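Enquirer: My questions all concern the structure below.
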Amino acid sequence: GKLGEGGSDRSGPGKPKIALVMKSLANEFFSTMAEGARQHQAANAANYALIVNGIKNETDLAEQVNLVEQMIAQQVNAIVIAPADSKALVTVVKRAKDAGILVVNIDNKLEAEVLTQAALKVPFVGPDNRAGARKVGEALAKQLTPGDKVAIIEGIPTAFNGQQRRLGFEDAMKAAGANIVSVQSGRWEMDAANNVAAAMLSEHADLKAILCANDNMALGAVSAIQAANKTGKVLVVGFDNISAMRPLLEKGQVVATADQHGDLLAVFGIEAALKILKGEVPPADQTTAVDLITR
Amino acid sequence: MAEAAHLLQVTRLQKSYNVPVLLDFSFSLRSGEVHALVGSNGAGKSTFAKILCGLTPADGGEIRLAGLPHAPASKRAAEHAGVIMVLQELNVIGTLSVAENIFLNRLPCRAGFVQRSRLHESARAALARVGLGDLDPATPAGALGVGHQQLVELAGALSRNCRVLILDEPTAALTDPEIERLFGHLRKLRQEGVGIIYVSHRMDEIKRIADRITVMRDGRAVATHLSVDVTPDCLVREMVGHELPERGGLSERPAGPVALSVRNLSAGDQVRDVSFTLRQGEILGIAGLIGSGRTETLRAIFGADVKSGGETFVDGKAVKILCPTDALLAGIGLMPEDRKQDGLLMPQSIRVNTTLNTLVRYARAGGWLDTGAEERTTEAYRQRLQISCNSVEQAVGELSGGNQQKVVVARWLARDCRILLFDEPTRGIDVAAKQTMYELLRELAGEGKAVLVVSSELEELMSLCDRLLVMSQGCISAEFTPGEWTQEKITRAAFSGHLDRKVESHPS
Amino acid sequence: MTLKSKKLVEYAAMLVIWLGLVLLFGMLSQSFLSLRTFVTLANRIPALAVIAAGMTLVLVIGGIDLSVGSVLGLSGALVGLALVNWHLPFWVATLLGLGVGLVAGTLNGLVSVGLGIPSFIVSLGMLEIARGVAYLTTHSQTKYIGATVEWPSAPIPGLGVSPAFLITLLVIVAGQVVLSRTVFGRYLVAIGTNESAVRLAGINTKPVKVAVFALLGLLTGLGGVFYTSRLGSSDPNAGVGLELSAIAAVVIGGTSLMGGRGSVVNTFFGVLIIATLEAGLAQVGASEPTKRVITGLVIVVAVVLDAWRHHLTGRKFSLLKRLFTARPASGTPIS
Amino acid sequence: MTLKSKKLVEYAAMLVIWLGLVLLFGMLSQSFLSLRTFVTLANRIPALAVIAAGMTLVLVIGGIDLSVGSVLGLSGALVGLALVNWHLPFWVATLLGLGVGLVAGTLNGLVSVGLGIPSFIVSLGMLEIARGVAYLTTHSQTKYIGATVEWPSAPIPGLGVSPAFLITLLVIVAGQVVLSRTVFGRYLVAIGTNESAVRLAGINTKPVKVAVFALLGLLTGLGGVFYTSRLGSSDPNAGVGLELSAIAAVVIGGTSLMGGRGSVVNTFFGVLIIATLEAGLAQVGASEPTKRVITGLVIVVAVVLDAWRHHLTGRKFSLLKRLFTARPASGTPIS
Ligand SMILES: Nc1ncnc2c1ncn2[C@@H]1O[C@H](COP(=O)(O)OP(=O)(O)OP(=O)(O)O)[C@@H](O)[C@H]1O
Ligand SMILES: Nc1ncnc2c1ncn2[C@@H]1O[C@H](COP(=O)(O)OP(=O)(O)OP(=O)(O)O)[C@@H](O)[C@H]1O
Ligand SMILES: [Mg+2]
Ligand SMILES: [Mg+2]
């Protein structure tokens, strides 16, 4: 093989095999990420082979563990993983490492404490969700006055990035002196968020803003506001910058969202993996940009 | 006989399910005759009937209907050709109304909507024909007892125009008045030129209604007689293929102490204030019309239905029976009348069905089953009750109706209860096997068991029982001892409640 | 008469259970007992209600359809594609949404009835396939559609409720009438009770069964249109887990999973109970764990109450019967 | 003898279907047909397999349990709490996990059997409640446990497979033996075939039914322990949607949802088919939509093949039978 390291005991052609293991490909953010990775591979077809996998359901940790194990069985050279959970994937990452496979962590950072407990070191490339959410919250805060009532619709409460975004929103709202009257889960879903938003609107007649931990839930909130005839009176922010946000941002129905550049995220991870495979010194954890998107 | 005279001509019909069931079976039916078909359980009567009405294809041979080949692919096709059948097994749809059941495949409708009033009108007419004129056509069929369900099925068949009518044991669950009414109707159809194939195990009624009788044995037609030419004994001999052993007369059994005593039992609408006692070593019969509440009485005693009042004593001690398990613990067993609904596990084997309520006997340590022992016991009962089957591993659903009934009986014989309640134990059982059953019941009584038999066949009760109760409209209307009873007295007692009730409910 | 009044008693019982739930939330949150809440509720339920109505018929014949959630997603995805990418008019998009539902349902029916394999498996397969196709066609993207699609779910001025809700009521009434008054409906009940007896009566049950699955497919397509219209966006992830809610609504309404018994009107009450529970819990602001526990308890309690009511009216009826008539009223079928 | 050989034919048929799938993936991906793949497969199935084994028994009596996913989550959550927060030894934590499963299952059984309401609804309620409790006790957080819990899922050196897999095999064999060879198992089949007949035979069916739900609960608890051990972490979201996979595995194995028929060994093959499909598709790196579509198709095709095989062996058997023996095997039941 091309590679000195481990090349001999790897089956298949000489170029390294990299597995990208993501969360749910049903989610636009991750399908964009996968698309970015595929394009990158197409442009660098001579340098590496790519296997892309994602789980069906964002909370199905066991499936993601299975995927990683399958990749170990497949004897890939490196696994670039966006863990569905920051603790529960550590065990299988360790198994991959023990099998001599390089692991690069993207998107959702494995918890440092757990990594040390397991005596592991995993390079990380990804955004800071909390900082991103704070930025979005600050953009919203410009249109609020202290004491205004706001509500947060969070994702699935167990999800780490969801928890980070909620914290970021809370940081910004506290700084602006806004009054957070309700925090409920919209389970990342449009319809569930719609239900929660409708209830929030009717429970708190003078609600000023709803902060949503992803854009799908923001869409649900927007339609609830419309159904309550409060368009323009209640502000909405989201997170992820999916394409459906564009018209809403333009119309002002959504104040702001955040772009984590999903398409580049995986590419950064893959590039980091390729570098390490070539024997370069692993870079320190890289934090990628989260851009604030407004109209 | 001239070919043309025959409405239906069957030559050398073949059919086999793994084993041959019909072998070169030939048969003919003229229009305007009632042609009875008799034979032991499993002889192939129902199979032949099913081929005629398109429920199963024949493997070989020829059927001609009015000279034209008749090989219906479905029941519907057979009905088009004018062949209507009432199946041996009940096929009532419990959640539909009686009217809907009668007219299921020809519901009167406009633009897809059922015309209820028309439906109920026709249903009332059809029900009146079988003597159920009082029955509300909107009643869910599942609420009816077996006898009434049988009548509902007959009502459906009799309300159609047909050339050939096949009745497969239509009277197995009927009592004399209903049978009389049915016969009246059949005679009318006969005059209209309809050919009727009549399958039954009741020799007396066959003698009365049939013009000709064909005896089947092991899938062959062994003989055809004019009804006036033969005696029941001769028919039975031909069915069985050998002389029947002389049946033992009424042996005197000393009646023991009271085993079961029921006081003021009431349940639902059908059982009102029933009291009686049953002694060890006694066979007590209960006669009555359909719907007189005999089944419901047994079920209430057994704890299968909720009681609304009354007490039960076993061996003089009061027992509380809230469910069948309590009854079994008190030593009471009930063989239900509806074998399909309440008795059998159709897809399971004869073995599994026979040992169902004695299963713990075959369990070794840890509940592990000794299937070999099960098989031996089942085999013993198979021989004793002459269950005709391929092996005890055959699914009960594949057996002929009478043989299914024998499996239910075997289960309760195996259980060895001290008090046994039999509800229509001989429903669909052939003559020879009936004799065996009677012997068995007498044997049980001889062993000191208390036996209660409900039956719709008066003669059976009269030849079997030491004492007879008659029920009418949910009450016990009379009690007879041998010598006291006559058919007429019993029938009058069976009707007594009805007469009172008629006066009550129709004051106008 | 007795039958009819018995049915009314059943409806009333479900209504009472629902009202109990409404009152409960009314006590917990002052702003719950407002016109707004009811209007929101009315406009929220159409998608689930039409699907549950169709599901009732499928359960009545003893079948099941697990694919409704995915097919709803697919139908919505197609509506979005048609409007946003292909710039088709609304009614064409609607027809497409209905059509794809009809096709999926018919396939479910044809495969399960034709090959004689359980509808559970066939529709489980369809669950995966329809979701896959929805992702394929939309590239897993949510699409914002906006006003073109929103009017069916927007309240009619002066009336408060939306056209979608009115259509839903129509579907419910029509479904109940079909089930209890038409030949087709009677066949469904008969097939669910004892299919072999129906076949023995010379009725070809296959087309009837396929038709029921097709009908549910069509209604699921309609549900997809309603869903898309209410959210103003099409979402390929729409309806994940909807099958359980729909079946739960049907079963809460007293329909048996074993077939042979069911009522579309009671299914509607089942839908109302589920939707009210969701809305009420959100209004109260219960935490996610609390929501889960309470939802679970209420579902069980609703059915227990219903069973208990059955028991009571059963008794009362037999009393009434004895008092007033010699003819037995419809007893409970021997199960 | 005939019965036994017929059962063996059934097992062989399922095995062939599974091998077909394995070969298919072997052709698509070179590295699929390696020992590693099979070891990975063996170590991923325990949780699903033990639950599906218990589910088989529940389906045999005509019941259903939708709560297995949530109860697995709850059991895992408790194991995590016990080990991490309460610092209890592993075996105590395991007993806690099993115990909470047993309690949940018993509750399902008691409520549905005792109050006579459908197990679908009761277990749907339990699905919500158990998940809620899992969130409550863990504050919705995953817990990393590490080595203490990992050994049951770690391959035994020299053997390749894990203790969990060996236990699973034991459970499968025991389940099959219980179902086909014991009084209890016979009662289950009988109850699923015709409960009223069993009751009228004087057998108290209630404790038997409760016991089956309890047993499934216990096995679900075991599944939770396996799951936790495999992840090395406890996850309150574990098992979302697992009920469908478990039921699908059972139905692919030929057990009827209507009760009265089932085989635990074939359920195991159903689990293998599902797991192999997932593993193979991941190995090939199929895109998400493709995965969905193929999964759906394979599930349906597997069952179609099985139905077709039934048909064929039915015929072949009757031929063989005619040729060699007077004794027939038990034919297909009249449905
Ligand atoms: N579906 C089937 N599969 C296998 N064997 C069957 C099937 N149906 C009937 N048989 C067998 O065919 C034989 C004839 O049955 P059939 O029902 O015709 O008897 P019958 O004369 O009507 O008896 P009975 O008086 O008990 O009703 C029986 O031995 C029965 O076991
Ligand atoms: N007047 C009536 N109108 C309608 N149905 C009736 C009437 N009387 C009785 N029934 C029905 O008939 C059944 C009562 O009969 P039960 O089975 O206890 O009596 P039986 O004497 O054993 O008659 P069968 O021979 O039908 O079993 C009940 O289920 C009841 O629904
Ligand atoms: Mg017969
Ligand atoms: Mg009776």
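Enquirer: Is it fair to say A:V237 is in contact (Cβ under 8 Å) with a residue 24 or more places away in the chain, more than 10 Å from every other protein chain (Cβ to nearest Cβ), within 23 Å of A:I293 (Cβ to Cβ) and out of contact with any Phe, Trp or Tyr (no Cβ under 6 Å at 6 or more places or on another chain)? Don't jump to the end; show me each part of the working.
Expert: Details: in contact (Cβ under 8 Å) with a residue 24 or more places away in the chain: yes; more than 10 Å from every other protein chain (Cβ to nearest Cβ): yes; within 23 Å of A:I293 (Cβ to Cβ): yes; out of contact with any Phe, Trp or Tyr (no Cβ under 6 Å at 6 or more places or on another chain): yes.
Yes; evaluated as a whole, the condition is true for this residue.
Enquirer: So, one more: Here's a check for you: in the stretch A:11-67, which residue that is at pLDDT 90 or above and assigned to a loop (DSSP other than H, G, I, E, B) is nearest to D:A154 (Cα to Cα)?
Expert: Result: A:P16.
Enquirer: Quick check, is D:A104 away from chain C (no Cβ under 14 Å) and buried (at least 22 other Cβ atoms within 10 Å of the Cβ)?
Expert: Working: away from chain C (no Cβ under 14 Å): no; buried (at least 22 other Cβ atoms within 10 Å of the Cβ): yes.
In short, no.
Enquirer: While we're on this one: Please determine whether any residue of the stretch A:55-64 is in contact with a strand residue (DSSP E or B) (Cβ under 6 Å, 6 or more places away or on another chain) and either crowded, with 24+ Cβ neighbours inside 10 Å or closer than 20 Å to D:A47 by Cβ (or both).
Expert: Narrowing the stretch A:55-64 to residues in contact with a strand residue (DSSP E or B) (Cβ under 6 Å, 6 or more places away or on another chain): none.
No, there is no match, as no residue in the stretch A:55-64 is in contact with a strand residue (DSSP E or B) (Cβ under 6 Å, 6 or more places away or on another chain) and either crowded, with 24+ Cβ neighbours inside 10 Å or closer than 20 Å to D:A47 by Cβ (or both).
Enquirer: I'd like to check which helices (runs of 4 or more DSSP H) are fully inside the stretch B:124-242 and have at least 2 residues that are assigned by TED's automatic domain parsing to the domain that holds B:G61 and within 16 Å of ligand 2 (Cβ to nearest atom).
Expert: Because the criterion is at least 2 residues that are assigned by TED's automatic domain parsing to the domain that holds B:G61 and within 16 Å of ligand 2 (Cβ to nearest atom), the helices (runs of 4 or more DSSP H) in the stretch B:124-242 that meet it are B:146-158, B:176-191.
Enquirer: For the stretch B:380-394, indicate whether the set of residues that are within 16 Å of ligand 2 (Cβ to nearest atom) and either over 27 Å from B:K50 (Cβ atoms) or within 14 Å of chain D (Cβ to nearest Cβ) (or both) is non-empty.
Expert: Within the stretch B:380-394, not a single residue is within 16 Å of ligand 2 (Cβ to nearest atom) and either over 27 Å from B:K50 (Cβ atoms) or within 14 Å of chain D (Cβ to nearest Cβ) (or both).
Enquirer: From B:A141, B:A172, B:A126, which residue is within 16 Å of ligand 3 (Cβ to nearest atom) and touching a helix residue (DSSP H, G or I) at 6+ places or on another chain (Cβ under 8 Å)?
Expert: B:A172 is the lone residue from the list that is within 16 Å of ligand 3 (Cβ to nearest atom) and touching a helix residue (DSSP H, G or I) at 6+ places or on another chain (Cβ under 8 Å).
Enquirer: Would you confirm, using the coordinates I've provided, whether D:V84 is part of a helix (DSSP H, G or I), more than 15 Å from D:Y227 (Cα to Cα), modelled with pLDDT under 95 and within 11 Å of chain C (Cβ to nearest Cβ)?
Expert: Criteria not met by D:V84.
Enquirer: Taking B:R418 as meeting all but one of (1) touching a residue at least 60 places away in the same chain (Cβ under 8 Å); (2) in contact with a Lys or Arg (Cβ under 9 Å, 6 or more places away or on another chain); (3) within 11 Å of chain D (Cβ to nearest Cβ); (4) under 22 Å from B:I301 (Cβ atoms), write down the number of the exception.
Expert: Among (1) touching a residue at least 60 places away in the same chain (Cβ under 8 Å); (2) in contact with a Lys or Arg (Cβ under 9 Å, 6 or more places away or on another chain); (3) within 11 Å of chain D (Cβ to nearest Cβ); (4) under 22 Å from B:I301 (Cβ atoms), B:R418 violates only (3).
Enquirer: Looking at the stretch D:274-288, can you tell me whether even one residue there is closer than 24 Å to D:V161 by Cα, touching an Asp or Glu at 6+ places or on another chain (Cβ under 6 Å) and more than 14 Å from chain C (Cβ to nearest Cβ)?
Expert: No.
Enquirer: Against the definition (more than 14 Å from chain D (Cβ to nearest Cβ), in contact with a strand residue (DSSP E or B) (Cβ under 7 Å, 6 or more places away or on another chain) and more than 16 Å from ligand 4 (Cβ to nearest atom)), how does B:A432 come out, yes or no?
Expert: On the way: more than 14 Å from chain D (Cβ to nearest Cβ): yes; in contact with a strand residue (DSSP E or B) (Cβ under 7 Å, 6 or more places away or on another chain): no; more than 16 Å from ligand 4 (Cβ to nearest atom): yes.
Judged against the criteria, B:A432 is not a match.
Enquirer: Within the set of pairs 6+ apart or on separate chains, which have a first residue in the stretch C:168-184 that is without any contact (Cβ under 8 Å) to a residue 60 or more places away in the chain, a second that is assigned to a strand (DSSP E or B), and C-beta atoms under 8 Å apart?
Expert: From residues that are without any contact (Cβ under 8 Å) to a residue 60 or more places away in the chain, the pairs are C:R181/B:F113; C:R181/B:V114; C:T182/B:C109; C:T182/B:F113; C:T182/B:V114; C:V183/B:C109; C:V183/B:F113; C:V183/B:V114.
Enquirer: Looking at B:A330, B:A373, B:A300, which one is at pLDDT 90 or above, in contact with a Phe, Trp or Tyr (Cβ under 8 Å, 6 or more places away or on another chain), within 26 Å of D:E195 (Cα to Cα) and more than 9 Å from chain D (Cβ to nearest Cβ)?
Expert: Testing whether each residue is at pLDDT 90 or above, in contact with a Phe, Trp or Tyr (Cβ under 8 Å, 6 or more places away or on another chain), within 26 Å of D:E195 (Cα to Cα) and more than 9 Å from chain D (Cβ to nearest Cβ) leaves just B:A373.
Enquirer: Any residue in the stretch B:23-30 that is touching a residue at least 12 places away in the same chain (Cβ under 8 Å), outside any strand (DSSP E or B), away from chain D (no Cβ under 14 Å) and within 15 Å of ligand 3 (Cβ to nearest atom)?
Expert: Scanning the stretch B:23-30, I find no residue that is touching a residue at least 12 places away in the same chain (Cβ under 8 Å), outside any strand (DSSP E or B), away from chain D (no Cβ under 14 Å) and within 15 Å of ligand 3 (Cβ to nearest atom), so the answer is no.
Enquirer: Out of the stretch B:39-74, which residues are among the aliphatic types (A, V, I, L, M) and either within 11 Å of ligand 3 (Cβ to nearest atom) or not assigned by TED's automatic domain parsing to the domain that holds B:L165 (or both)?
Expert: B:A43, B:A49 - these are the residues of the stretch B:39-74 that are among the aliphatic types (A, V, I, L, M) and either within 11 Å of ligand 3 (Cβ to nearest atom) or not assigned by TED's automatic domain parsing to the domain that holds B:L165 (or both).
Enquirer: Next question, about the same structure. Take the conditions more than 14 Å from ligand 4 (Cβ to nearest atom) and either within 14 Å of another protein chain (Cβ to nearest Cβ) or hydroxyl-bearing (S, T, Y) (or both) and apply them to B:T426. Does it pass?
Expert: When the stated conditions are applied, B:T426 does not pass them.
Enquirer: Among what's in the stretch B:454-470 and is within 16 Å of ligand 4 (Cβ to nearest atom) and under 19 Å from the mean Cα position of the chain (by Cα), pick the residue that is farthest from the other protein chains (Cβ to nearest Cβ).
Expert: If we take residues in the stretch B:454-470 being within 16 Å of ligand 4 (Cβ to nearest atom) and under 19 Å from the mean Cα position of the chain (by Cα), then B:L458 is farthest from the other protein chains (Cβ to nearest Cβ).
Enquirer: Tell me, which strands (runs of 3 or more DSSP E) lie completely within the stretch B:248-317 with 1 or more residues that are surrounded by fewer than 22 Cβ atoms within 10 Å (Cβ to Cβ), of a type outside the set (S, T, N, Q) and within 16 Å of ligand 2 (Cβ to nearest atom)?
Expert: B:258-267, B:271-279, B:309-314
Enquirer: Which one of the conditions (1) more than 9 Å from every other protein chain (Cβ to nearest Cβ); (2) under 18 Å from the mean Cα position of the chain (by Cα) does C:V178 fail to meet, given that it meets all the rest?
Expert: (1)
Enquirer: Report whether or not C:V173 is over 30 Å from C:K143 (Cα atoms) and part of a helix (DSSP H, G or I).
Expert: Yes.
Enquirer: A further question on this structure: Just need a number here: residues in the stretch A:167-206 that are in a helix (DSSP H, G or I) and either at pLDDT 95 or above or away from chain C (no Cβ under 14 Å) (or both).
Expert: 10
Enquirer: When the residues of the stretch C:120-152 are filtered to those that are at the interface with chain D (Cβ under 7 Å from one of its Cβ atoms) and among the aromatic types (F, W, Y), which remaining residue is nearest to D:V250 (Cα to Cα)?
Expert: C:F120
Enquirer: Which condition number does C:H139 fail, the rest of (1) free of Cβ contacts under 8 Å to residues at least 40 places away in the same chain; (2) in contact with a Gly (Cβ under 7 Å, 6 or more places away or on another chain) being met?
Expert: (2)
Enquirer: Tell me, which residue of the stretch B:76-91 that is modelled with pLDDT under 90 and assigned to a loop (DSSP other than H, G, I, E, B) is farthest from the other protein chains (Cβ to nearest Cβ)?
Expert: B:Q88
One line per residue, one yes/no per condition, for (1) free of Cβ contacts under 8 Å to residues at least 60 places away in the same chain; (2) in a helix (DSSP H, G or I); (3) not polar (S, T, N, Q):
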| residue | (1), (2), (3) |
| --- | --- |
| C:L88 | yes, no, yes |
| C:L98 | no, yes, yes |
| C:G101 | no, yes, yes |
| C:G105 | no, yes, yes |
| C:V122 | yes, yes, yes |
| C:E128 | yes, yes, yes |
| C:R131 | no, yes, yes |
| C:A134 | no, yes, yes |
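Enquirer: While we're looking at this one, here's another question. If a residue has to be hydroxyl-bearing (S, T, Y) and surrounded by 21 or more Cβ atoms within 10 Å (Cβ to Cβ) to count, how many in the stretch B:109-140 make the cut? Let's see the steps before the verdict.
Expert: So the first thing to find is which residues in the stretch B:109-140 are hydroxyl-bearing (S, T, Y), and the list is B:117, B:122, B:139.
Retained after the next criterion (residues that are surrounded by 21 or more Cβ atoms within 10 Å (Cβ to Cβ)): B:139.
Going through the stretch B:109-140 one residue at a time, the tally reaches 1.
The values are calculated or read from the model by the stated rules, or taken from the named source; none is laboratory data. Since we're looking at a predicted model, the values are computed, not measured. FYI the Cβ positions are ideal-geometry reconstructions off the backbone, even for glycines, and counts take in every protein chain you see.
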